[in-house]
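A quick write-up on the structure given underneath.
The values are calculated or read from the model by the stated rules, or taken from the named source; none is laboratory data. Please read these numbers as outputs of a predicted model, since none were measured by experiment. No Cβ is skipped: glycine too gets one built from the backbone with ideal geometry, and neighbour counts run over all protein chains shown. Only protein heavy atoms, including side chains, enter the accessible area calculation; ligands, DNA and RNA are left aside. Shrake-Rupley method; radii C 1.70, N 1.55, O 1.52, S 1.80 Å.
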Amino acid sequence: MTAIVAFTPAGLEIAVRLKDALPEAEIHARAPRGEGVADQVFTHTGAHLRALYADGVEIVAVCAAGIVIRALAPLIADKTREPAVVAVAEDGSCAVPLLGGHKGANALARRIGETLGGTAAITTASDLSFGLALDDPPEGWRIANPEAAKTVAAALLAGDPVALRLECGDGGWLSQSKINFAGDGRVSIRVTDRAGFPETDELVLHPPVLA
C-alpha cells in the first residue's frame, strides 16, 4: 500500500491530484483539514509517519524532505526490508526519493513527476550512469544472490571490465542499456534459468521464462 501524506491545504491539493494517478494509494491528512477528503486523518505528524514506515507502507510525503528524515531517522536500519519513501514539494515541482530508491522509490518519483509536470530528483549512481539498477530488475525477474549486486555495480561505476553472459531469456534491459560490457572479466552478470551456486563476483539473474 502507498500512503500520500499531506499536512497543509496546498499539500492536500497535491495529494488529491496524485490520487488520480495512484488509485491504489490512500490519502492521509492532518486533522481537521483532511476530514471529508482524506482516507485517514491524524494529529501527530512524526508518530503517524513512523507508524506507516514500521508497517511497511510506502510513503509519499507532500512536505519538506527534512520533516520526513527527522521523523524516520530512528527507524532506519535495513534497506532491504524497509519501504520506499518519497518527498514531494508542495508546489509539485519535484519528487525526491529519500529511501528505497531501488525498492520502488525511484519509479514512484518518476511517476509522480510525470503526473505533476515536475522533476524526479534521482540521485542513485547506477540510475544516473546506466539508466538502470541491478538490484531492481524488471517485473518477473529474480535475483539469486542480491548481495552481489553491490559488488557488480561498484565495478561498473569504477570502469572495471564486467562480462554479461546470457544463457536464456531476453536480457535487453541489460544489453541495450548504457553499460559497456566486456567480452570477459573477473566480475560478471549471468542470466540463466539454471539453479546452482553463483561464482565469486558473479551476479545471477533469473528471467521469467519458466512456469
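Across region 86-98, which residue is farthest from PRO9 (Cα to Cα) among those that are hydrophobic (A, V, I, L, M, F, W, C) and either out of contact with any Lys or Arg (no Cβ under 9 Å at 6 or more places or on another chain) or modelled with pLDDT under 95 (or both)? So that I can check it myself, show each step before the final result.
Keep residues of region 86-98 that are hydrophobic (A, V, I, L, M, F, W, C), which gives 86-89, 94-96, 98.
Of the ones still in play, those that are also either out of contact with any Lys or Arg (no Cβ under 9 Å at 6 or more places or on another chain) or modelled with pLDDT under 95 (or both) are 86-89, 94, 96, 98.
Working: VAL86: 19, ALA87: 16, VAL88: 14, ALA89: 13, CYS94: 18, VAL96: 20, LEU98: 23 Å.
Here the answer is LEU98.
Listed residues GLY159, GLY171; which is among the small types (Gly, Ala, Ser), crowded, with 17+ Cβ neighbours inside 10 Å and at pLDDT 90 or above? Talk me through it step by step, then tell me what you get.
Details: GLY159 fails: crowded, with 17+ Cβ neighbours inside 10 Å.
Result: GLY171 is the single residue among GLY159, GLY171 that is among the small types (Gly, Ala, Ser), crowded, with 17+ Cβ neighbours inside 10 Å and at pLDDT 90 or above.
Looking at (1) crowded, with 19+ Cβ neighbours inside 10 Å; (2) more than 20 Å from GLU202 (Cα to Cα); (3) among the hydrophobic types (A, V, I, L, M, F, W, C), can you tell me which one LEU134 breaks?
Condition (2) is where LEU134 drops out.
Pairs under 9 Å by beta carbon, first residue over 17 Å from ARG17 (Cα atoms) in region 31-48, partner of a type in the set (Ser, Thr, Tyr), six or more apart or different chains?
From residues that are over 17 Å from ARG17 (Cα atoms), the pairs are ALA31/THR43.
Of all residues in region 72-118 being of a type in the set (D, E, K, R) and open to solvent by 60 Å² or more (accessible area, probe 1.4 Å), which is nearest to LEU22 (Cα to Cα)? So that I can check it myself, show each step before the final result.
Start the filter on region 72-118 by keeping residues that are of a type in the set (D, E, K, R), which leaves 78-79, 81-82, 90-91, 103, 110-111, 114.
Now narrow it down to the ones that are open to solvent by 60 Å² or more (accessible area, probe 1.4 Å): 79, 81, 90-91, 103, 110-111, 114.
Numbers: LYS79: 24, ARG81: 22, GLU90: 17, ASP91: 18, LYS103: 17, ARG110: 12, ARG111: 9, GLU114: 12 Å.
Residue satisfying both the conditions and the ranking: ARG111.
Given the conditions (1) out of contact with any strand residue (DSSP E or B) (no Cβ under 9 Å at 6 or more places or on another chain); (2) crowded, with 18+ Cβ neighbours inside 10 Å, and given that PRO9 satisfies all but one, which numbered condition is not satisfied?
So PRO9 meets the others, but not (2).
I'd like to verify a number: residues in region 113-164 that are under 30 Å from GLY11 (Cβ atoms), part of a helix (DSSP H, G or I) and in contact with a strand residue (DSSP E or B) (Cβ under 7 Å, 6 or more places away or on another chain), how many?
1
Go through region 176-207 residue by residue and tally those that are more than 25 Å from the chain's Cα centre (by Cα) and not β-branched (Val, Ile, Thr).
Within region 176-207, residues that are more than 25 Å from the chain's Cα centre (by Cα) and not β-branched (Val, Ile, Thr) number 12.
Please enumerate the residues belonging to region 13-41 that are open to solvent by less than 30 Å² (accessible area, probe 1.4 Å) and within 24 Å of the chain's Cα centre (by Cα).
Those that are open to solvent by less than 30 Å² (accessible area, probe 1.4 Å) and within 24 Å of the chain's Cα centre (by Cα): ILE14, ALA15, LEU18, ALA21, LEU22, ALA25, ILE27, HIS28, ALA29.
So which residues in region 165-211 are among the hydroxyl-bearing types (Ser, Thr, Tyr) and either in a loop (DSSP other than H, G, I, E, B) or in contact (Cβ under 8 Å) with a residue 40 or more places away in the chain (or both), if there are any at all?
Step one: filter region 165-211 for residues among the hydroxyl-bearing types (Ser, Thr, Tyr), giving 175, 177, 188, 192, 200.
Across region 165-211, the qualifying residues are SER177, THR192, THR200.
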